[in-house]
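Asks: One structure, pasted below without further comment.
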Amino acid sequence: MGLDLLPKRIQEMYESHERRHASAILKHDFPKEWEDVMSVLSDFELLESDVKMPGGRKSPISEKLEQRFTLRGWKEKSFETKAIADERVLEARTHKVDLFKNRIALEIEWNNKDPFFDRDLDNFRHLFELNLISVGIILTRRDELQEVFDALGKGHSYGASTTHMSKLLSRINRGGGGGCPILVFGISKKLYMAGR
């Protein structure tokens with residue numbers, strides 16, 4: 001079971017990893033959200049024109065992915081949490097996720113600095129412990145895409161300190177995310193469309 005539950009196209013086009021049976025929980029307990037994620041990932045193409053476009057606040061790649069999820073009812077979500085003891089607020093933190101729907105939190109980390117992974121995983125851990133989410137998903141890129149970026153003259157923009165799969169896995173393998181079931185997808189070179 002596990003990642004075998006993923007459709008064949010997803011298995012072929014993405015590098016996928018999970019912790020704590022995340023794919024089974026997502027597929028069987030949240031079938032609509034599973035269908036959303038699988039459909040958006042199946043339809044995604046990484047266009048050369050998007051890679052070449054200068055980024056501003058958010059890359060065109062992240063924006064396109066977010067729009068596709070938004071059309072399916074996913075929304076950015078902030079969680080305000082606090083601890084109270086003897087009627088005193090001891091801690092107040094706001095936790096925001098890129099996309100949220102029915103207890104599933106999804107983060108898109110396309111070309112941020114790699115400490116964003118720490119923030120995402122800590123957020124998933126905390127929200128899971130508070131019983132606010134059931135699965136955390138991170139969508140990033142495979143390390144192999146660096147070859148594409150270098151060939152396009154964009155390698156300096158996508159360096160070793162930016163978000164990519166090996167940076168994420170090292171954090172997860174050290175226990176990042178705590179007990180939260182986590183599913184991660186890395187966009188591969190197979191999704192890259194040169195000349196488009």
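Asks: Is it the case that the range 27-48 has a residue that's touching a Lys or Arg at 6+ places or on another chain (Cβ under 7 Å), under 23 Å from Ile133 (Cα atoms), at pLDDT below 95 and surrounded by 12 or more Cβ atoms within 10 Å (Cβ to Cβ)?
Replies: no
Asks: Among the listed residues Gly136, Gly73, identify the single one that is under 22 Å from Arg19 (Cβ atoms) and either touching a residue at least 12 places away in the same chain (Cβ under 8 Å) or in a loop (DSSP other than H, G, I, E, B) (or both).
Replies: Numbers: Gly73 fails: under 22 Å from Arg19 (Cβ atoms).
Exactly one residue qualifies, and that residue is Gly136.
Asks: Filtering the range 147-164 down to residues that are in a helix (DSSP H, G or I) and surrounded by 18 or more Cβ atoms within 10 Å (Cβ to Cβ), which residue is modelled with the lowest pLDDT? Please lay out each step first, then the result.
Replies: Here is the first cut: in the range 147-164, the ones in a helix (DSSP H, G or I) are 147-151, 155-157.
From what is left, the residues that are surrounded by 18 or more Cβ atoms within 10 Å (Cβ to Cβ) are 148-149.
Numbers: Val148: 78, Phe149: 75.
In this case the residue turns out to be Phe149.
Asks: Next question. Kindly check whether there is at least one residue in the range 51-64 that is assigned to a loop (DSSP other than H, G, I, E, B), at pLDDT below 95 and of a type in the set (Lys, Arg). Explain how you work it out, then say what you get.
Replies: First, pick out the residues of the range 51-64 that are assigned to a loop (DSSP other than H, G, I, E, B): 53-59.
Still in the running and at pLDDT below 95: 53-59.
Now narrow it down to the ones that are of a type in the set (Lys, Arg): 57-58.
Yes.
Asks: Within the range 37-50, can you find the residues that are closer than 27 Å to Ile172 by Cα and in contact with a Leu (Cβ under 9 Å, 6 or more places away or on another chain)?
Replies: Val37, Met38, Val40, Leu41, Phe44, Glu45, Leu46
Asks: Among the numbered conditions (1) part of a helix (DSSP H, G or I); (2) hydroxyl-bearing (Ser, Thr, Tyr); (3) under 23 Å from Lys101 (Cα atoms), tell me where Ser16 comes up short.
Replies: Only one criterion in (1) part of a helix (DSSP H, G or I); (2) hydroxyl-bearing (Ser, Thr, Tyr); (3) under 23 Å from Lys101 (Cα atoms) is unmet by Ser16, namely (1).
Asks: Okay, moving on. Within the range 77-115, work out how many residues are out of contact with any strand residue (DSSP E or B) (no Cβ under 6 Å at 6 or more places or on another chain) and assigned to a strand (DSSP E or B). Full working, then the answer.
Replies: Looking only at the range 77-115, we keep the residues that are out of contact with any strand residue (DSSP E or B) (no Cβ under 6 Å at 6 or more places or on another chain), and these are 84-88, 101-103, 110, 112-115.
Still in the list and also assigned to a strand (DSSP E or B): 84-85, 88, 101, 113.
Counting residues in the range 77-115 that are out of contact with any strand residue (DSSP E or B) (no Cβ under 6 Å at 6 or more places or on another chain) and assigned to a strand (DSSP E or B) gives 5.
The values are calculated or read from the model by the stated rules, or taken from the named source; none is laboratory data. The model shown is predicted, which means the values in this text are computed figures rather than measured ones. Neighbour counts are summed over all protein chains in view; Cβ atoms, including those assigned to glycine, are modelled from backbone coordinates with ideal geometry.
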